[in-house]
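See below for the structure under consideration.
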Protein chains: 2
Amino acid sequence: MYSHAMENYIEAIWRQTLDGGTATTSEVARALGVTAASTSYMFKKLAAAGLVEYKEYSGVSLTAHGKQFAISFIRRHRIVERFLVQTLGVAWEDADDLTHEMEQAVPEEVLERMHAQMGYPTTCPHGYPIPSKDGTYPELNLRPVVDLTPGEGAPIGQVSEHDPELLRYFARQGLQPGRGLRMLEHDAVGQTYTLELEGRPAPLVLAAAVAAHVRVHA
Amino acid sequence: MYSHAMENYIEAIWRQTLDGGTATTSEVARALGVTAASTSYMFKKLAAAGLVEYKEYSGVSLTAHGKQFAISFIRRHRIVERFLVQTLGVAWEDADDLTHEMEQAVPEEVLERMHAQMGYPTTCPHGYPIPSKDGTYPELNLRPVVDLTPGEGAPIGQVSEHDPELLRYFARQGLQPGRGLRMLEHDAVGQTYTLELEGRPAPLVLAAAVAAHVRVHA
DNA sequence: ATCTAAGTTTAGACAGAGCTAAAGAGGAGG
DNA sequence: CCTCCTCTTTAGCTCTGTCTAAACTTAGAT
């Protein structure tokens, strides 16, 4: 029905329009490592297939149909990713890339068995929700860690998943979903947050730009 | 380096030349569900890549190089197949097809982790050997079940893997690698073998044509 | 020894997805 | 209001892997 190439574009568009806007040709091209010309060509194909709304020179947004399609392989991605980490012991920070290599090929039956084998987890290893089979995308009740007031604590809910460098750093610090966290202080001038992290002897000082990639349960 | 299409052709050729001959255009075409013309075109490409010896109108055989290449994804196939059955509980008779759908995409690292997670098994679920990483294809010491003399017993070693119908039948009868087997009698005229099968109350009567797909440990 | 049928190869076309180069839109700064 | 730079699109090409139709081999049957 739809080609692998189309899947990749839809996934990239989905990622880029999470916060509601449109995805531009050049952004998507960069994300996929192709030229803007190729992306423009594909935008037309996707529009013809009814997966995106396309207005020349101003980018694309997913139609309801396109969103369903995207969610179906976000689900696939996150189940496989979790399986690689949880069952096969793949390193947290490498999981996204490895998953991306193999995900399109995993048959539905195998996917469901992976999910079942893990006891139907509801999030990927980085804390992002696994959509349900019927296409529902569960909204998690999370808030930025930087919103914690000093003294306030909460378990880590989610960390940004696409930068292996950053993930490696988080892993080294023990900053992973599920761990308890407490805000100690916020240095507005120095742009750092000092946090108490479960299982870690000394407090953790996080640059504001890095802390922005961490969310805690509300 | 080599495309997925080329992999598929090499795999089909490998299967068809196990017993030493050459693979013909039409056999390979049928196995892959493409036309003879496409296969002929691909034979030339494979020959140019040094993977096969190609003589027009008389088929192809794998070069040493081609054999190495084939073995590398026979390994891949069998590890994934075993993983699907053993760890994910996929039905024995469906494993070959499902594996074929996803195998090309499984990254080396994931493959090795699957293998490790199962404790480095040496055969696929149908009893075929898993080649080692260095490209060695272990020859198992097996013989056709039909060579057993009456009264003689041996554990099942391997059953033909490519016919889901037949596999379903074997599974229903409990005829799977590892099970103990004893030859009771051979009816040459009726073309049947009567076997005692471990875990099965009554003896099993197997048509000669079917028994030909079963091998036991020597 | 020849004919014919089956199997094989060639020729030519097409679809998918990418590229480069060139042309066209749009917006920021003069 | 115009200009220029950046971004986007179009045009035209390439490479894979497939197809159909036609031509050619090979070998078995007469």
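Values quoted throughout were computed directly from the atomic coordinates according to the rules given, and no laboratory measurement underlies them. Everything quoted here is computed from the prediction, not taken from an experiment. Here Cβ is always computed from backbone atoms with ideal geometry, including for glycine, and neighbour counts include all displayed protein chains.
Please build a GNM for chain B, connecting alpha carbons under 10 Å apart, and tell me which residue among B:Glu93, B:Glu56, B:Glu103 fluctuates the most.
Per the Cα network of chain B with a 10 Å cutoff, B:Glu56 tops the list.
Looking at chain B, which longest stretch skips every one of the trypsin sites (Lys or Arg not before Pro) that is in a DSSP loop with at most 12 other Cβ atoms within 10 Å, leaving the sites themselves out?
Longest gap between qualifying sites, sites excluded: B:134-218.
Could you pull out every one of the lysines with an alpha carbon less than 27 Å from that of B:Lys133, ignoring same-chain neighbours closer than 8 positions?
Answer for B:Lys133, where 27 Å is the Cα cut-off: B:Lys45, B:Lys67, listed by chain and number.
Under the convention of a label 7 Å out along Cα→Cβ, give the distances in nm from B:Glu109 to the same position in every other copy, shortest first.
When each copy's label point is compared with this one, the spacings are 3.0 nm.
Give the nm distances, rounded to one decimal, from B:Pro150 to the matching residue in every other copy, measuring between label points 7 Å along Cα toward the beta carbon; shortest first.
For B:Pro150, the other copies' label points sit at 9.5 nm, shortest first.
In whole Hz and in residue order, list the ³J(HN,Hα) couplings for segment A:51-56 that follow from phi through the Karplus curve 6.51 cos²θ - 1.76 cosθ + 1.60, θ = phi - 60°; x for Gly and Pro.
8, 9, 9, 10, 10, 3
Scan around A:Thr123 for amide H atoms under 5 Å from its own, H built in the peptide plane at 1.01 Å from N, and keep only partners 5 or more places away or cross-chain.
The list, which skips near neighbours in sequence, is A:Ile130.
Pick out which of A:Gly127, A:Gly153, A:Gly199 has the largest mean-square fluctuation in a Gaussian network model of chain A, springs linking Cα atoms closer than 10 Å.
Among A:Gly127, A:Gly153, A:Gly199, the largest GNM mean-square fluctuation belongs to A:Gly199.
Just to compare against my own numbers: the Cα pair-distance distribution for segment A:1-151, 5 Å bins, whole % per bin, please.
2, 9, 18, 19, 18, 15, 11, 6, 2, 1, 0
Work out from phi, with θ = phi - 60° and the Karplus expression 6.51 cos²θ - 1.76 cosθ + 1.60, the ³J(HN,Hα) of each residue of segment A:68-77, listed in order in whole Hz, and give x for Gly and Pro.
Karplus values, whole Hz, x for Gly and Pro: 4, 4, 4, 4, 4, 9, 5, 4, 4, 4.
Nearest-to-axis residue of chain A, judged by Cβ, for the A-to-B rotation, with distance in whole Å?
Chain A residue with minimal Cβ-axis distance: A:Ala105, 2.
In a GNM of chain B with a 10 Å cut-off on Cα contacts, which of B:Thr35, B:Thr22, B:Thr123 has the highest mean-square fluctuation?
B:Thr35
Out of segment A:132-163, which GluC sites (Glu not before Pro) are coil in DSSP terms and have no more than 16 other C-beta atoms within 10 Å?
Counting only loop positions with at most 16 other Cβ atoms within 10 Å, the GluC sites (Glu not before Pro) in segment A:132-163 are A:Glu139, A:Glu152.
Explain nothing, just the number: relative contact order of chain A, from Cα pairs under 8 Å at least 6 residues apart, as a whole percent.
Relative contact order of chain A: 15 percent.
Could you list the residues of segment A:18-44 with an amide nitrogen less than 15 Å from a label point located 7 Å from the Cα of A:Glu56 in the Cα-to-C-beta direction?
A:40-44
List the relative contact order of segment A:1-61 as a percent without decimals, with contacts defined as Cα pairs under 8 Å and 6+ residues apart.
Details: 54 pairs, mean separation 20.2, N = 61.
After rounding, I find 33 percent.
Over segment A:41-143, what relative contact order in percent results from Cα pairs under 8 Å that are six or more residues apart?
Contact order relative to length: 25 percent.
Counting other Cβ atoms within 10 Å, which chymotrypsin sites (Phe, Trp or Tyr not before Pro) in segment A:29-137 have at most 11 and lie in a DSSP loop?
A:Tyr57
Which distances in nm, rounded to one decimal and ordered from shortest, link the label point of B:His162 to the equivalent label points in the other identical copies, with labels set 7 Å from Cα toward Cβ?
Once sorted, the set of distances for B:His162 reads 4.4 nm.
Modelled label-to-label distance, B:His65 and A:Met118, 7 Å Cα→beta-carbon offset: nm?
About 4.1 nm, to one decimal.
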